[in-house]
Amino acid sequence: MKHYIIAIDQSTSSTKALLFDGRCQLVGRQNVDHHQYYPQEGYVEHDAGEIYGNLVVAVRQLIDGHREEDATYSIAITNQRETVVVWDRHTGKPISRAVVWQDTRGKDICKQLREDGYAQMVLDKSGLLIDPNFSASGVKWLLDNIEGARERAGRGDLLMGTIDTWLVWKLTGGKVFATDTTNASRTMLFNIHTMQWDEDLLALFGIPRTMMPEVLPCDAVYGETTVEGVFQEPITIAGVLGDSHGALVGQMCFTKGSGKVTYGTGSSVMVNIGEEPLPAPEGLVTSVGFSAFGKTWYGYEGNIYSTGATLKWIADQLQLVAHPAEMEALATSVADNGGVYIVPAFSGLGAPWWQSGVKGAVFGLTFATTKAHFLRAALESIAYQVRDLVDVMAKATGSKLREICADGGPTKNQFLMQFQADMLDTPVVCTEVDDASALGAAIMNGFARGVWQGFDEVTGFRKVTQTLYPQANPQLDTLYQGWRDAVNQLTK
């Protein structure tokens, strides 16, 4: 009997349902976008109810197009990380919209904690820098600012969780309240050494322990669901991990020193550092990479807030192109960026700068600047930000990476991928599945169900579409210095 894995990839901009067969080959997909809410400067919100509804719609549409009566199905989940939901355990209703990872409302909370001397304690326990990107300050803000929320939390009436937790809770009708180790490690409330919620961190942010979900490994069985009647009989939910961690698994980065770049709304650069949670070099963080087969692998990671989001902003807000896919032809119609640099700090700057208060800026505009120069500068900004992180990682490990595995929609942009390889002086390996995060979730699903017994059984599932090798360009150092000069003007 055939078995299909439905991998739910719940990202910052949409909810995708991807259907994988028993060899993890993609056979179908559906995508449903959700609204982005910006109620005031620095606030970025999602409607958690809309996201769950979109999941149901995506799965129903997927199965309607690929239903086989003699097949069985299960669900895996990968999700945007740090975005956090707080809801009532009795009614199942969120007390507000979800606070998205791009949201900076917690910056004053984080600033005060740093000034009070808690930075090292938080770093030692969680592996993270105190920053509103992570979930804890958003939850504290909600409890402090929504009338009655803190009292309700104190009575044990409220629950909190990243999007995976919310989806599992909804899919199981409130029977399962759980998260996985990777999402837990991005909340700033989880101790990556003890692999437990940390009482000191919970106290620091004033978050009751009763709000916190059970933490399970990535390759666990999480429960059962009919997906609101899409299936007549309940199917298994197995395999859960955050999107960047899913991509690490989907890119088969199972060995120490292997790394990947996920190009999405933002971008994540992550390198597997093995089974010890080593302190990260300045500007990076240490997170759980993934957990499986009773072990945990850790990763150095740097997060870039705006990469694909920059291209979407140019298309949707500035309307310079109808779709980001049109940018490549225009960007390559000019020989260079014309001296233009875009620093896309729409939600501040992430790693390795970690300055949430700065704003985006454009440098080097002249009367000779054209739309093509502007679009080229936007694409180049992605490659510059990735190099910022890779340089720090290479210095920390004492050697540069042998290759970078790349996934995400922007990998279809040939100019960007070649410029990235040139800028890193490292081969960039692009893979067949744009959504490596979903592939990683499907692999964890198979581990959880006992289909595969080890990493070596799945390494062949990754299909390389192209490898871009660095090309000599005498202008690279000058271009990169121009980027650093632009960033320094914002951060000094």
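The values are calculated or read from the model by the stated rules, or taken from the named source; none is laboratory data. It should be emphasised that the depicted structure is a prediction, and the values quoted were computed from it without experimental measurement. Note that each Cβ is placed from the backbone with ideal geometry, even for glycine, and that neighbours are counted across all protein chains shown. All accessible areas refer to the heavy atoms of the entire protein, side chains included, with ligands and DNA or RNA removed. Shrake-Rupley method; radii C 1.70, N 1.55, O 1.52, S 1.80 Å.
With respect to being among the basic types (Lys, Arg), part of a loop (DSSP other than H, G, I, E, B) and open to solvent by 10 Å² or more (accessible area, probe 1.4 Å), residue 60 falls outside the description. Being surrounded by 24 or more Cβ atoms within 10 Å (Cβ to Cβ) and either over 20 Å from the mean Cα position of the chain (by Cα) or at positive phi (or both): is that true of residue 342 here? Considered against the rule, which asks whether it is surrounded by 24 or more Cβ atoms within 10 Å (Cβ to Cβ) and either over 20 Å from the mean Cα position of the chain (by Cα) or at positive phi (or both), residue 342 comes out as yes. When residues in region 215-273 are screened for being modelled with pLDDT under 90, among the small types (Gly, Ala, Ser) and in a strand (DSSP E or B), 3 of them pass. The condition of being small (Gly, Ala, Ser), touching a residue at least 24 places away in the same chain (Cβ under 8 Å) and in contact with a Ser or Thr (Cβ under 6 Å, 6 or more places away or on another chain) holds for only one of 339, 308, that being 308. Taking the numbered list (1) touching a Pro at 6+ places or on another chain (Cβ under 7 Å); (2) at positive phi in turn, residue 392 passes all entries but (2).
Only a single criterion out of (1) open to solvent by 10 Å² or more (accessible area, probe 1.4 Å); (2) out of contact with any Ser or Thr (no Cβ under 7 Å at 6 or more places or on another chain); (3) modelled with pLDDT of 90 or more; (4) under 19 Å from residue 123 (Cβ atoms) is not satisfied by residue 277, namely (2). Could we say that residue 103 is open to solvent by less than 50 Å² (accessible area, probe 1.4 Å), in a loop (DSSP other than H, G, I, E, B), of a type outside the set (A, V, I, L, M, F, W, C) and over 18 Å from residue 204 (Cα atoms) here? Yes, satisfied.
Please go through region 437-480 and pick out each residue that is more than 30 Å from residue 238 (Cα to Cα) and either open to solvent by less than 80 Å² (accessible area, probe 1.4 Å) or among the aromatic types (Phe, Trp, Tyr) (or both). Matches in region 437-480: 466, 467, 468, 469, 470, 473, 476, 479, 480.
Yes/no per residue for (1) of a type in the set (Lys, Arg); (2) buried (at least 16 other Cβ atoms within 10 Å of the Cβ); (3) under 18 Å from residue 264 (Cα atoms):
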position	(1), (2), (3)
316	no, no, yes
322	no, no, no
328	no, yes, yes
364	no, yes, no
390	no, yes, yes
